[in-house]
Amino acid sequence: MKLLPFLNTCLLFVGSILAINAQNKEVIITIDTLSPQVYMLTGQGGNIGIYVGTDHVLMIDDQFDRLSDKIKASIALLSDKPIAFLFNTHMHGDHTGGNASFNGPQTTIVAHDNVRNRVKEREQKNLDEAKISESFYEDMLPEVTFSDNITFYDGNESIIGFHVHEAHTDGDALVYFMNNNVLHMGDTYFAGRYPYIDLKSGGSVAGLIKTQKKALMVINDETVIIPGHGRPSNKKELAAYIAMLEDISDKVQKAIKAGASLEEVKANTDISASYDATHGSGFISGEAIRETFYNSLSQKTTE
Ligand SMILES: [Zn+2]
């Protein structure tokens, strides 16, 4: 008779152990060497780019605040030079979450104008709700912003950050290391999985495809691409990815022209059937990608 309460207690106990394990699950930072001076760090959140220059380090994106010590330890394995610049590819928390930990007298945070505006808005809310301190708030904000392009010069290397319009958000920038021939695409490219397009933050399907085509013009067959998420990639894979996005875009546009509703496009598995198995098993499913394409291409928001 007392078996049921006992079982319930057991299940609760097992449940809490699983929850604790999930919380404490150790994040391991791995390092990929992409060129003589450029590395990719993977942990949790967006891929980090590290450039080791003649007298300083330039870093692209910083994942989450809770991982900052681990990320710093990994960078220290590559160089003991100071991190002079931290570049944010866009505003999302898994790319800017560590800003306050890395910001300091030696480090300047650089981003597009809209990144500062959106990080400011988000962190102001956190400040108002007393989740963060005034100094943490100040340190989260990019200190140098640009509207179009910005170039960093270091020895023989020129590093160009260039803004692309209405792609993953309204503040995306790609960073190209000319001599090392490495391109960090931020979240305008998810290698091997469907893209996440943040329509509420100014992203669009047309802008994302246009951005990827622009990237294709900049790079060559030897270029290594750091995607916002996924493994290091290349021109051939990016070209195939663009073809996939254009195919889905054409099919959704045809459905919209034929008068299909959002529900009908979401239910129409044919639209993305060729790609769901390879690209739709993660964060963004086939149905989710059809919904995003419909909303963006019919110029509605996801409100
Ligand atoms: Zn993002």
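Just so it is clear, none of the values below were taken in a lab; they were calculated from the coordinates. From a predicted model like this one, the values you see are computed outputs, not experimental measurements. Glycine also receives a Cβ, built like all others from the backbone with ideal geometry; neighbour counts cover every protein chain displayed.
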Quiz item: When N is the residue count of region 214-281, what does its C-alpha Rg come to as a fraction of 2.2 N^0.38 Å?
Solution: 1.37
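Given Cβ point charges of +1 (Lys, Arg) and -1 (Asp, Glu) and nothing else, what value in debye, to the nearest 20, does the dipole of region 203-258 about its Cα centre take?
Numbers: 9 positive and 6 negative charges, 43 e Å.
Computed about the Cα centre, the dipole is about 200 debye.
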Quiz item: By how many nm would the segment from M217 to D148 grow when fully extended, if each residue of separation counts as 0.36 nm and the alpha-carbon distance is taken off?
Solution: 23.1 nm
Practice problem: About the Cα centre of the chain, how large is the charge dipole given +1 on each Lys and Arg Cβ and -1 on each Asp and Glu Cβ? Please answer in debye to the nearest 20. | Solution: 700
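Between K200 and D80, what FRET efficiency follows from the Cβ-Cβ distance if R0 is 35 Å, with the result rounded to 0.05?
On the way: r = 41 Å, r/R0 = 1.18.
Step by step, r from the Cβ atoms, then E = 0.25.
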Practice problem: Among N99, N117, G53, flag the residue with its Cα farthest along the positive direction of the charge dipole of region 50-141, charges on Cβ as +1 for Lys/Arg and -1 for Asp/Glu. | Solution: G53
Quiz item: Quick one: Karplus J couplings for region 194-207, per residue in order, coefficients 6.51, -1.76, 1.60, θ = phi - 60°, nearest Hz, x for Gly and Pro?
Solution: 4, x, 9, 10, 8, 5, 6, 9, x, x, 7, 4, 4, x
Practice problem: Please name which of Q63, S74, P36 has its Cα lying farthest along the dipole of region 25-172 towards the positive end, using unit charges on Cβ (Lys, Arg +1; Asp, Glu -1) and the Cα centre as origin. | Solution: S74
Exercise. Rank the residues T107, T54 as a footprinting-exposure proxy: fewest other Cβ atoms within 10 Å of their Cβ go first.
Key: T54, T107
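By how many nm would the segment from A243 to N181 grow when fully extended, if each residue of separation counts as 0.36 nm and the alpha-carbon distance is taken off?
Values: separation 62, 0.36 × 62 = 22.32 nm, distance 2.34 nm.
Working it through step by step, the gained length comes to 20.0 nm.
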Self-check item: Whole-Hz ³J(HN,Hα) from phi, Karplus 6.51 cos²θ - 1.76 cosθ + 1.60, for region 240-246, glycine and proline x
Solution: 5, 5, 4, 4, 5, 4, 5
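What ranking do S201, S74, S272 get, fewest neighbouring Cβ atoms within 10 angstrom at the top? Each step should come with its number before you reach the end.
Details: S201 17, S74 20, S272 23.
Taking fewest neighbouring Cβ atoms as first place, the list is S201, S74, S272.
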Quiz prompt | Computed [θ] at 222 nm, helices only, for the chain once each DSSP H run of length n ≥ 4 contributes -39500 (n - 2.57) | solution = -12500 deg cm²/dmol
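Among 86-94, 125-133, 34-42, 188-196, what's the highest-first ranking by average C-beta atoms within 10 angstrom per residue? Please list the in-between numbers first.
Working: 86-94: 24.8, 125-133: 12.0, 34-42: 20.0, 188-196: 22.4.
Ranking the peptides 86-94, 125-133, 34-42, 188-196 by packing returns 86-94, 188-196, 34-42, 125-133.
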